[in-house]
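Nothing in this text is a laboratory measurement; each read-out follows from the coordinates by a stated rule. Keep in mind that what you see is a predicted model, and the values were worked out from it rather than measured. A quick note on method: Cβ atoms are made from the backbone with ideal geometry, for glycine too, and the neighbour counts reach across all protein chains shown.
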Amino acid sequence: MHAVRQWLDQARSVAVLTGAGVSAESGVPTFRDANGLWKQYRVQDLATPSAFARDPKLVWDWYNWRRSVLAEVKPNPGHYALADLEKRIPKFTLITQNVDGLHELAGSRNVLRLHGSIWEVRCLACGHQAVDLRISFPEIPPKCHCGGLLRPAVVWFGEPLPSDIWKAAETAARSSDLFLVIGTSAVVYPAAGLVQLAKSSGARVVEINVAQTPLTGDIDQFLQGPSGELLPQLIA
Ligand code: BV8
Ligand code: ZN
C-alpha cells in the first residue's frame, strides 16, 4: 500500500478501469453474485441483441429489476475516493465498464463509460436516445413516442463499443504512468485489454480486488480487499 501511495504521489497521468466490484459495497449485485432471481441466466444470455429480439420483455424485466435496485443505492467511499483523486492528479481518466452512473453521482467528471448507461434508452425505430429514469413503464417493453421499441442504451455482447469513447480510453491507457484496475473480473473484452495496453506502454499497474483475477499474475501490485475500504486509505 505504501509503495502505491508513493506511485500515486509521483504520477503525472493516471488511468483507472473499474468494474462491478466498485459498486458492490453500494449494494449493487455484481454479475457473478446477481440476485438469485437471475441466477439461472448468465449476463451473456440476457445482455445481447438476439436475447432482446427474441424476448424484449424478459430483457426489460431484468433491466427494470436492476434499475429499481440502483434507484435505491448511493455511491460508496470507493466512488468518492476516485472523485477526490481526479482533483489531485494532473491528468486523470476514469474508464468504467459499469452502467450504473454511480461514479458520476459521486462527483467524477472525466468518466469514459465503455458500456453505456442503464439510465439511457434508445429507440430501435427512430434512433432517438435520451436519459429515462423511470423504474416502471406504462408497458413493457416500453415504446418511443414514434411507436418504436425502446432498448437500454448499453453495449451488449457482440456490439461494438462507442468508437470515440473507446479511442479516448486507449489514449488514456497508453499515456498513463500509473494504471489502477479496480473491481473487475477482467474477462470482458476489449475493456480488459486496456490493462495490457497500459503495461506495454510503460505504465505501472495496480489491481484492487477482493479476489485474484486473470490479471493478478501480470501486474506490479495487487491490493487485496474491498475497494470501498482500500481506496480511501490509498488517498488519505
Ligand atoms: C465486442 C453492459 C466486437 C450491459 C456489458 C466469444 C464469443 C462471443 C463474444 C466474445 C467471445 N470472446 C470475447 C468476446 C467478446 C465479448 C466478451 O468479452 N465476452 C466475454 C464474456 C468472453 N465482448 C463483447 O462482445 C464486447 N463487444 O467485442 O464487439 C465488435 C466489434 C465491431 C463490430 C461488432 C462487434 C461488448 C462487451 C460489453 C458487454 N456489456 N455490460 C449491462 O451491463 O447490462 S459487460 C458487463 O459484464 C459489465 O459491463 C461488465 O463489463 C461485465 C462484468 O464484468 P465486471 O464488471 O468485472 O463484473 P463481475 O461481476 O464479472 O466481476 C466483479 C469483480 O469485482 C470480481 O472480480 C470480484 O472479485 C470483484 N469485487 C466484488 N466485490 C468487490 C470487488 N472488488 C473490490 N471491492 C469489492 N467490494
Ligand atoms: Zn422512436
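Below, the figures for the structure above:
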| read-out | value |
| --- | --- |
| Cα-based Rg / Dmax (Å) for segment 1-107 | 16.9, 52 |
| Orientation-averaged projected area, Cα convex hull of segment 131-236 (nm²) | 9.6 |
| Neighbour-count order for Cys146, Cys123, fewest beta carbons within 10 angstrom listed first | Cys146, Cys123 |
| Estimated 222 nm signal from helices in the chain, with DSSP H stretches of n ≥ 4 weighted -39500 (n - 2.57), rounded to 500 | -9500 deg cm²/dmol |
| When each of Lys74/Lys199; Lys57/Lys167; Lys91/Lys199 is checked by Cα-Cα distance, pairs over 29 Å | Lys74/Lys199; Lys57/Lys167 |
| At most 10 other Cβ within 10 Å, DSSP loop - GluC sites (Glu not before Pro), segment 119-202 | Glu139 |
| Estimated vicinal HN-Hα couplings, Hz - segment 143-149 in sequence order (Karplus 6.51, -1.76, 1.60; Gly, Pro = x) | 10, 7, 5, 7, x, x, 7 |
| Relative frequency of Cα-Cα separations exceeding 29 Å in the chain, percent | 28 |
| Highest-first arrangement of 128-138, 9-19, where packing means the average Cβ count within 10 Å | 9-19, 128-138 |
| Cα gyration tensor category, rounded, prolate or oblate, for segment 59-164 with a/c compared to 1.5 | prolate |
